[in-house]
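Asks: Structure in structure tokens, see below.
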Amino acid sequence: MRRFVAKNRLLSFALGFVALQVLLAVAAPLVSPHSPFAQVMAQRMQGPNLLNWLGTDQLGRDVFARILYGYRTSLLTCVTAVGLALVVGGTLGMLAAYYRGWFDRILMRFMDVLFAFPILLLAIGVIAVLGPNMWSAAIAIAIVYTPIFARLLRGPALVICESEYVMGAKAIGASDARIIFAHLLPNLASVVLVQTSLLLSAAILVEASLSFLGLGAQPPVPSLGLMLSEGRNFLMLSPWPAIFAGFAILFLSFGFNLLGDALRDTLDPRLRGQDQ
Amino acid sequence: MRTRFLFSRLADLAFVLFGVSIIVFLMIRLVPGDAVAIMLGANTDITPERVAELRGRLGLDLPFYVQYFNWIGGVLQGDFGTSIWTGRPVAQEIGAHIWPTLQLTLLSVAVGAGLSIPIGCFMAQARGRGIEVAVRVGAIAGLTIPSFWLGIVSIFLLAKLLPGVSALGYVPFTQDPLGNLQRMILPVIALSLPMLANLSRLVRSAMLDALSQDYIRTAKAKGASQRLIVYKHALRNALIPFITSVGVMTGYLLGGAIVVEQVFAIPGLGRLVLGAIAERNYPLVQATILVMTSAFVIVNFLVDLLYAVIDPRVAQK
């Protein structure tokens, strides 16, 4: 394993970069000396200093603490959403590829319709129905990503279903469940890993957009998108909260994108140099 | 063959639009609890009569399929119902807000797609180890920079560097063409950057692919100039995946426009739909989503047709 990582410098960098951010989010109370909610009115809108490493916001709350807890909100929302979409969409795509026929046709037609909506617009529609909060945002992102996973996994799954070893398994009388779990799923693992990472990167931007628009996590929950929209109102007085929140979103999304890219190169050398 | 292709694509288009209309129609019916009571919301003088009156006006007391056909029949005639609060026709509200969004999206598509071709070609030709990694990282950064953040930072920088220039708001092109374009510069940059990053990467890999083909070697052998080879022979073939992506990216831009409008205080469809959500004006939310999604679906339909024109093999399949 160590040799494997050493051989892939881009992958190890991406892994480290993502792991660092996830760790900061998980260990937020240990890392940050301040609470993300504590308001110190005497120290409002400070620039970066020794006491508040990244400064304070318009209510005198520590920006560094809010960013760490914002990472938590962002990761919790996006991991839940992408996980849900992967389980539901991935399962549907795999079953469609395995059973083909009318199930495949009806399902993929339905997915086509969901796919027809611009991503953010569908998410906004879902939130309009559920009411704006963090979990609505998670469900909205999950619904938007379900058809994407279904399509992404159906293609490779179709190829595997046509392969000789699946034919062989069928010939010796393996059950559907056995073929799906023992043959289909393990062979899809690399596609799943790469796409989950890339889609997480995009989901982080969608989540940030939604909370920026006031449709995601609601105040006082620390959220990166919300920090940006609040910071925007005080931009001329103190640009720091908006600037740092933006960098946080950028780093998080960038990390997962790089990770997905590097994973693709490592797991499937045939795809090296291709972008889609 | 051509007509058969056209008809099958038209059938797909009709089906997808029908599906989209069903989902948008169901939205208001899926609101947990009583949508009508929620819509009336903070109004203190809610009486059962008022609720019943609004329910009747929205047609919510009819059977589902009757409701759908009434609604879609109206939509097809340009009647999206009336806005609950202002009492104005929803179509009129949309008409008043559609131009800024349309202009912003079209300009961004033009800038993003237009610039990505020369940049992608350059990247494909200047392929070197160090540059390749730098460009790759740069392109991923372009993809992952939140456009709204870019917008906010650019507003801040502009205010610091050129304090007198206003970057916010919107003036119709017909009123003040210069002021209109001036205010569009920053939003278009913010909105088109992710598309530019994405498409440049795509053009680069499509060009690398095309440049390694046999016909390029033939062109070189007969002494064609590098310029002619790149822009005529390779680019034409590289354009096929490019055009599909432009169609797909238009959807991202329509979504992104909602956010960028909010940043730059542009009174477009994005602001309209957000305001409508805030005041639980469901007919307006429905209509805006339906209009924007249909536009996206039709753009992709046209892209499909264009695809068949550029590459006749597509229509033959």
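Asks: Is one or more of the residues making up the stretch B:231-241 among the β-branched types (V, I, T), touching a Cys at 6+ places or on another chain (Cβ under 8 Å) and either more than 26 Å from A:V144 (Cα to Cα) or at pLDDT 85 or above (or both)? Reasoning before the result, please.
Replies: Start the filter on the stretch B:231-241 by keeping residues that are among the β-branched types (V, I, T), which leaves B:240.
Checking the rest, the ones that are also touching a Cys at 6+ places or on another chain (Cβ under 8 Å) come to none.
No.
Asks: Being touching a residue at least 24 places away in the same chain (Cβ under 8 Å) and more than 13 Å from every other protein chain (Cβ to nearest Cβ) is the filter here; which residues of the stretch B:196-221 pass it?
Replies: The answer is B:L196, B:A210, B:Q213.
Asks: Further question on the same structure: I'm told B:A224 meets every condition in (1) assigned to a loop (DSSP other than H, G, I, E, B); (2) small (G, A, S); (3) in contact (Cβ under 8 Å) with a residue 60 or more places away in the chain except one. Can you identify the failing condition by its number?
Replies: It fails just one condition, (3).
Asks: Next up: Exactly one condition in (1) assigned to a loop (DSSP other than H, G, I, E, B); (2) touching a residue at least 24 places away in the same chain (Cβ under 8 Å); (3) at negative phi is false for B:I152; which is it?
Replies: Going through the list (1) assigned to a loop (DSSP other than H, G, I, E, B); (2) touching a residue at least 24 places away in the same chain (Cβ under 8 Å); (3) at negative phi, B:I152 breaks only (1).
Asks: Right, another one. Please verify whether the stretch B:147-170 includes one or more residues that are closer than 20 Å to A:F256 by Cα and aliphatic (A, V, I, L, M). Working first, answer last.
Replies: Restricting attention to the stretch B:147-170, the residues satisfying the condition of being closer than 20 Å to A:F256 by Cα are B:147-150.
Keeping just the survivors that are aliphatic (A, V, I, L, M) gives B:150.
Within the stretch B:147-170, one or more residues are closer than 20 Å to A:F256 by Cα and aliphatic (A, V, I, L, M).
Asks: Another one. For the stretch A:187-204, indicate whether the set of residues that are more than 10 Å from chain B (Cβ to nearest Cβ) and under 19 Å from B:A278 (Cβ atoms) is non-empty.
Replies: No, because not a single residue in the stretch A:187-204 is more than 10 Å from chain B (Cβ to nearest Cβ) and under 19 Å from B:A278 (Cβ atoms).
Asks: Still on this structure: With respect to B:P146, determine if the residue is open to solvent by less than 10 Å² (accessible area, probe 1.4 Å) and more than 14 Å from chain A (Cβ to nearest Cβ).
Replies: No, not satisfied.
Asks: Every residue in the stretch A:126-152 that is open to solvent by less than 10 Å² (accessible area, probe 1.4 Å) and closer than 17 Å to A:M94 by Cα, please.
Replies: A:Y145, A:P147, A:F149, A:A150
Asks: If you don't mind, there's one more thing I want to ask. Return the residues of the stretch B:107-122 that are in contact (Cβ under 8 Å) with a residue 60 or more places away in the chain and either open to solvent by 40 Å² or more (accessible area, probe 1.4 Å) or more than 11 Å from chain A (Cβ to nearest Cβ) (or both); say none if nothing qualifies.
Replies: Result: B:L107, B:S108, B:V109, B:V111, B:G112, B:A113, B:L115, B:S116, B:I117, B:I119, B:C121.
Asks: Which condition breaks for A:L158 when tested against (1) in contact (Cβ under 8 Å) with a residue 24 or more places away in the chain; (2) closer than 30 Å to B:L254 by Cα?
Replies: Of the numbered conditions (1) in contact (Cβ under 8 Å) with a residue 24 or more places away in the chain; (2) closer than 30 Å to B:L254 by Cα, the odd one out for A:L158 is (2).
Asks: Conditions: (1) more than 8 Å from every other protein chain (Cβ to nearest Cβ); (2) over 14 Å from A:L213 (Cβ atoms); (3) surrounded by fewer than 20 Cβ atoms within 10 Å (Cβ to Cβ); (4) over 12 Å from the mean Cα position of the chain (by Cα). B:V248 meets all but one. Number of the miss?
Replies: Every condition holds for B:V248 apart from (4).
Asks: Confirm whether B:T293 is hydroxyl-bearing (S, T, Y), surrounded by 19 or more Cβ atoms within 10 Å (Cβ to Cβ) and more than 8 Å from chain A (Cβ to nearest Cβ).
Replies: no
Asks: Filter the stretch A:74-90 for residues that are more than 12 Å from the chain's Cα centre (by Cα) and surrounded by 16 or more Cβ atoms within 10 Å (Cβ to Cβ); which is farthest from A:A138 (Cα to Cα)?
Replies: Looking at residues that are more than 12 Å from the chain's Cα centre (by Cα) and surrounded by 16 or more Cβ atoms within 10 Å (Cβ to Cβ), I get A:G90.
Asks: A follow-up question, please. Given (1) more than 8 Å from every other protein chain (Cβ to nearest Cβ); (2) open to solvent by 20 Å² or more (accessible area, probe 1.4 Å), where does B:Q262 come up short, assuming only one miss?
Replies: Exception for B:Q262: condition (1).
Asks: Check A:M134 against each of (1) within 14 Å of chain B (Cβ to nearest Cβ); (2) under 14 Å from A:G214 (Cα atoms) and name the one condition it does not meet.
Replies: Going through (1) within 14 Å of chain B (Cβ to nearest Cβ); (2) under 14 Å from A:G214 (Cα atoms) one by one, A:M134 breaks only (1).
Asks: When the stretch B:277-290 is examined, which residues are found to be of a type outside the set (F, W, Y) and either open to solvent by 20 Å² or more (accessible area, probe 1.4 Å) or within 8 Å of chain A (Cβ to nearest Cβ) (or both)?
Replies: Those that are of a type outside the set (F, W, Y) and either open to solvent by 20 Å² or more (accessible area, probe 1.4 Å) or within 8 Å of chain A (Cβ to nearest Cβ) (or both): B:I277, B:A278, B:E279, B:R280, B:V285, B:I289.
A quick yes/no check of all residues on (1) of a type in the set (S, T, Y); (2) under 18 Å from A:P118 (Cα atoms); (3) modelled with pLDDT under 70:
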| position | (1), (2), (3) |
| --- | --- |
| B:T3 | yes, no, no |
| B:F15 | no, yes, no |
| B:S21 | yes, yes, no |
| B:V31 | no, no, no |
| B:T47 | yes, no, no |
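Asks: In the stretch A:34-54, which residues are farther than 26 Å from A:F256 by Cβ and in contact with a strand residue (DSSP E or B) (Cβ under 8 Å, 6 or more places away or on another chain)?
Replies: Listed by number, the residues that qualify are A:H34, A:S35, A:A38, A:V40, A:Q43, A:R44, A:M45, A:Q46, A:N52.
Asks: Counting just the residues of the stretch A:110-129 that are without any contact (Cβ under 8 Å) to a residue 40 or more places away in the chain and more than 7 Å from chain B (Cβ to nearest Cβ), which one comes out farthest from the chain's Cα centre (by Cα)?
Replies: A:F110
Asks: Can you name the condition, by its number, that A:S229 falls short on among (1) among the hydroxyl-bearing types (S, T, Y); (2) within 20 Å of the chain's Cα centre (by Cα); (3) within 10 Å of chain B (Cβ to nearest Cβ)?
Replies: Every condition holds for A:S229 apart from (2).
Asks: Sort through B:A197, B:A210, B:A167, B:A221 and tell me the only one that's modelled with pLDDT of 85 or more and more than 19 Å from the chain's Cα centre (by Cα).
Replies: Of B:A197, B:A210, B:A167, B:A221, the one residue that is modelled with pLDDT of 85 or more and more than 19 Å from the chain's Cα centre (by Cα) is B:A221.
Asks: Evaluate the following for B:I94: is it closer than 11 Å to B:A287 by Cα and not in a strand (DSSP E or B)?
Replies: It is true that B:I94 is closer than 11 Å to B:A287 by Cα and not in a strand (DSSP E or B).
The values are calculated or read from the model by the stated rules, or taken from the named source; none is laboratory data. Source: prediction; values computed, not measured. Every residue, glycine among them, receives a Cβ derived from its backbone with ideal geometry; neighbour counts consider all protein chains shown. Each accessible area value is taken on the protein alone, full model and side chains, heavy atoms only, with ligands, DNA and RNA left out. Shrake-Rupley method; radii C 1.70, N 1.55, O 1.52, S 1.80 Å.
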